[in-house]
1. Quick one: K109, K60, fewest Cβ neighbours within 10 Å first, how do they rank?
2. Would you list which lysines come within 18 Å of K66, measuring only between C-alpha atoms, while excluding same-chain residues fewer than 8 positions from it?
3. So how do 95-103, 51-59, 66-74 stack up, highest first, on mean other-Cβ count within 10 Å?
4. Applying a 10 Å radius around every beta-carbon, put 155-162, 122-129 in order of their mean neighbour count, most first.
5. Taking θ = phi - 60°, what integer Hz values does the Karplus form 6.51 cos²θ - 1.76 cosθ + 1.60 yield along the stretch 76-85, in sequence order, with x for Gly and Pro?
6. Roughly how many debye, to the nearest 20, is the charge dipole of the stretch 112-194 about its Cα centre, given +1 on each Lys and Arg Cβ, -1 on each Asp and Glu Cβ, and no other charges?
7. For D78 and K109 in the same chain, what is the full-extension length gain: residue separation times 0.36 nm, less their Cα-Cα distance, in nm?
8. Cut-off under 19 Å on the C-alpha distance; same-chain residues fewer than 8 positions from K163 excluded. Which lysines are left, in chain and number order?
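Bear in mind that the values in this text are calculations on the coordinates, not laboratory data. Computed from a prediction, not measured in an experiment: that's the story for all the values here. Note that we place each Cβ from the backbone using ideal geometry, even for glycine, and neighbour counts take in every protein chain shown.
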Amino acid sequence: MARMNGPVKGGGGPPGAAGAPEGGRGRGERGDRRGGPPRERESRSALYKEDVVRINRCAKVTSGGKRFSFSAFVVLGDSKGKVGFGQGKAKEVASSIDKAVRNGEKNVKAFPIVNGTVPHEVEGRFGSSTVRLIPAAPGTGVIAGKSVRSVLEKVGIHDILTKAYGSRNPMNVVRATFDALSRLRTKEQYQVLRGVEL
């Protein structure tokens with residue numbers, strides 16, 4: 001009986017050890033998918049163009065030292081009225097950007113654009129950041145800061161005046177810009193909402 005129990009226990013060890021490589025393969029596969037193979041990157045670039053707004057380096061202090069990771073904030077759009085933003089975190093910069101792009105694809109929305117500018121003046125807020133969008137005549141260009149410009153160019157606006165108030169945190173400014181875009185309505189949309197001729 002001792003001999004029978006011995007092999008059984010010993011045999012129980014190898015499956016566990018064999019199970020470890022299987023788990024290792026699973027982690028490797030997940031790592032490859034999360035890292036984003038070049039094929040996925042090419043297919044995404046065909047639909048949307050991304051712009052990295054900010055990359056933060058995070059550090060976790062452990063008994064063995066510091067473990068670094070990177071957080072990316074990305075804006076992406078097709079320059080034809082659709083734009084979105086996303087965030088991603090990974091141990092490498094490229095992987096964090098890929099995650100942010102995949103997350104941003106889920107948040108892409110369409111916004112109204114009239115003759116390359118916004119239909120009317122509008123103001124958006126997020127936290128302590130406020131962004132005002134003002135229509136401009138053709139040829140004016142995009143008069144905006146880096147964070148606001150990244151959103152407006154990706155949505156397809158060519159002529160606009162902007163002003164940012166309060167916090168200048170890039171992520172807050174981008175979210176405030178999206179809030180302003182979500183408040184836009186065209187003349188036709190107002191006619192349907194109010195039921196009157198304008």
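1. Listing K109, K60 from fewest to most nearby Cβ atoms yields K60, K109.
2. K89, K91
3. Values: 95-103: 21.8, 51-59: 13.7, 66-74: 17.2.
Packing proxy ranking, top to bottom: 95-103, 66-74, 51-59.
4. The packing order, highest mean first, is 155-162, 122-129.
5. 9, x, 9, 6, 10, x, 10, 7, x, 9
6. In total the dipole reaches around 200 debye.
7. On the way: separation 31, 0.36 × 31 = 11.16 nm, distance 1.06 nm.
Going from the current span to full extension adds 10.1 nm.
8. K146, K154
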